[in-house]
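The values are calculated or read from the model by the stated rules, or taken from the named source; none is laboratory data. Because the structure is predicted, anything quoted here is derived from the model rather than measured. Glycine gets a Cβ as well: all are built from the backbone with ideal geometry, and neighbour counts include every protein chain shown. For the accessible areas, the whole protein counts, side chains as well, though only heavy atoms, and no ligand, DNA or RNA atoms are used. Shrake-Rupley method; radii C 1.70, N 1.55, O 1.52, S 1.80 Å.
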Amino acid sequence: MEESTHILRRYTSLASALHALESKSLTLLPPDKWDDEIDRGLMAAYKRRLNLHALLALCFSAAGETYHHWRVFAQSDSGACLTFERKRLERSAENAGVTMKRI
């Protein structure tokens, strides 16, 4: 994620998008259910290395739209893409005690 990118995208299911819009909140989830086995393994190793009780995450994209984003993250033809102003999202995350990192 380039530091100059002003917009972050969250590809998700329609149900999750509607929940986020109605509640004006985002739900962090454990990465152990992620589609990508390598990503799951890396997050599990990170959790073990830091000896964390829990590790929750949510993925955003700074890149332009691709088939991969829709297929992996939206998971069906009823997916949605929410867009966020990067700086505002970072401030909100910080205020909630959530760390945002590029991975």
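I'm a student and want to see the number: the projected area of the Cα convex hull of region 5-103, averaged over all directions, in nm². Let's see the in-between values first.
Numbers: hull surface 26.7 nm².
Spelled out: convex hull of the Cα atoms, projected over all directions, averaged, 6.7 nm².
Spin-label model, residue 55 to residue 81: label points 7 Å out along the Cα-to-beta-carbon direction sit 2.8 nm apart.
Comparing mean-square fluctuations of 27, 66, 12 from a GNM of the chain with C-alpha springs under 10 Å, the top value falls on 66. In this structure the chain gives 77 Å² per residue of accessible area when probed at 1.4 Å with all protein chains present.
Using a 1.4 Å probe on the protein chains only, how many percent of the accessible area of the chain belongs to carbon and sulfur? Mind showing how you got there, number by number?
Values: 4170 of 7950 Å².
Solvent-exposed carbon and sulfur of the chain make up 52 percent of the total.
Full extension of the chain segment joining residue 22 with residue 67 gains 13.5 nm, where the gain is 0.36 nm per residue of separation less the Cα-Cα distance. Given R₀ = 41 Å, FRET efficiency for residue 37-residue 6 by Cβ-Cβ distance, to 0.05? Rounded to the nearest 0.05, the efficiency is 0.80. Once Lys and Arg get +1 and Asp and Glu get -1 on their Cβ, which of 59, 19, 95 lies farthest toward the positive end of the dipole of the chain? Checking the options against the dipole of the chain, the answer is 95.
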